[in-house]
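What follows is a short report on a single structure.
Throughout, read-outs are computed from the coordinates displayed, never taken from laboratory work. Keep in mind it's a predicted model, so treat the numbers as computed, not measured. With ideal geometry, Cβ positions are generated from the backbone for all residues, glycine too; neighbour counts draw on all protein chains shown.
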Amino acid sequence: MSLRIHIAHLATPTATLVRGLDLTVDPGTVHTLMGESGSGKSSVLAAVCGTLADDLTWSGQVTLNGQRIDTLPTQARKVGILFQEDLLFAHMTVRENLLFAVPPGPQPAREAAVVAALADVEMGGFLHANPATLSGGQRARVALARALLAQPRALLLDEPFSKLDAALRERMRSLVFGLVRSRQIPALLVTHDSADIASPAHLTHLKHLDRPGAL
């Protein structure tokens, strides 16, 4: 289930951010997108998942498993996303946060999916915990479990490791990359950290088009 992204032009009202971007993310692969601040990395993710700000315009297309998805509503694209912030609901337990993402179905099956997801991210003992009592690394893992429970066909990662300390960053990176491989979904990672590069063969560097000589 490959994710294919073609962005002919992505711009603000006053500046072009991205031009002529073509990349393919294969199943089970983490493709890294790097570039200086303002080069359009997060805007590329927003174009893929359908949350691009109203003042930005773009032309191109995004396909997933051969189906064009950029013409679909955001909720119909089946693309998950993780941000720097975990965005857990403070008024819900871990269980309730995760159930929020589980597709409709028999309640016993939904509950079992939540338990299995917590086990996948090594958080099996925290089903009824309050998110406020969790560490930053634990909250990041719950956010990952929630994103995967929605059964995304592709995963977008917007610097999800940047606020973790070095040891937690390495552990979380390994966990995410391992789950992407085991579930065989394509993942696109935006980062400033070269340690996040899964493979030099799966790296795209965006240039800042406002700079002289940029292509």
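Using a Gaussian network model of the chain with C-alpha springs under 10 Å, which one of LEU156, LEU144, LEU118 is most mobile by mean-square fluctuation?
Residue with maximal mean-square fluctuation among LEU156, LEU144, LEU118: LEU118.
Do you know the relative contact order of the chain, to the nearest whole percent, from alpha carbon pairs under 8 angstrom that are 6+ apart?
Numbers: 390 pairs, mean separation 70.6, N = 215.
Computed value for the chain: 33 percent relative contact order.
Highest GNM mean-square fluctuation, the chain, Cα pairs closer than 10 Å: which of LEU148, LEU168, LEU33?
Ranking LEU148, LEU168, LEU33 by mean-square fluctuation puts LEU168 first.
Would you kindly derive the ³J(HN,Hα) couplings of the stretch 20-35 from the backbone phi angles with the Karplus curve 6.51 cos²θ - 1.76 cosθ + 1.60 (θ = phi - 60°), listing them in order in whole Hz, with x for Gly and Pro?
Those phi angles translate into x, 8, 9, 8, 10, 10, 7, x, x, 10, 9, 9, 9, 10, 10, x Hz.
Could you give the dipole magnitude of the chain about its Cα centre, charging the beta-carbon of Lys and Arg +1 and that of Asp and Glu -1, in debye to the nearest 20?
Working: 20 positive and 19 negative charges, 88 e Å.
Computed charge dipole of the chain: roughly 420 debye.
Could you give me the percent of Cα pairs per 5 Å distance bin for the stretch 7-119, shortest bin first, beginning at zero and ending with the bin that holds the maximum distance?
Spelled out bin by bin, the stretch 7-119 gives 2, 9, 16, 18, 17, 14, 11, 8, 4, 1, 0 percent.
Which ³J(HN,Hα) values, rounded to whole Hz and listed in residue order, are derived for the stretch 150-155 from phi using the Karplus coefficients 6.51, -1.76 and 1.60 in 6.51 cos²θ - 1.76 cosθ + 1.60 with θ = phi - 60°, glycine and proline given as x?
Karplus-based 3J(HN,Hα) across the stretch 150-155 equals 6, 6, x, 8, 8, 10 Hz.
What is the percent of Cα-Cα separations in the stretch 112-215 that go past 18 Å? Walk me through the intermediate numbers first.
Working: 2877 of 5356 pairs.
Of all Cα-Cα pairs in the stretch 112-215, 54 percent lie more than 18 Å apart.
Can you tell me which of 47-53, 130-136 comes out highest on packing, and rank the rest after it, using the mean Cβ neighbours within 10 Å?
So the order, starting with the most tightly packed, is 47-53, 130-136.
Rounding to the nearest 10 and keeping the result within 0 to 90°, find how far the Cα-based axis of helix 136-149 lies from the longest principal axis of the chain.
Once rounded, the angle reads 80 degrees.
From the phi angles alone, apply the Karplus equation (6.51, -1.76, 1.60; θ = phi - 60°) to the stretch 107-117 and give each ³J(HN,Hα) in whole Hz, x where the residue is Gly or Pro.
4, x, 5, 5, 5, 5, 5, 5, 4, 5, 5
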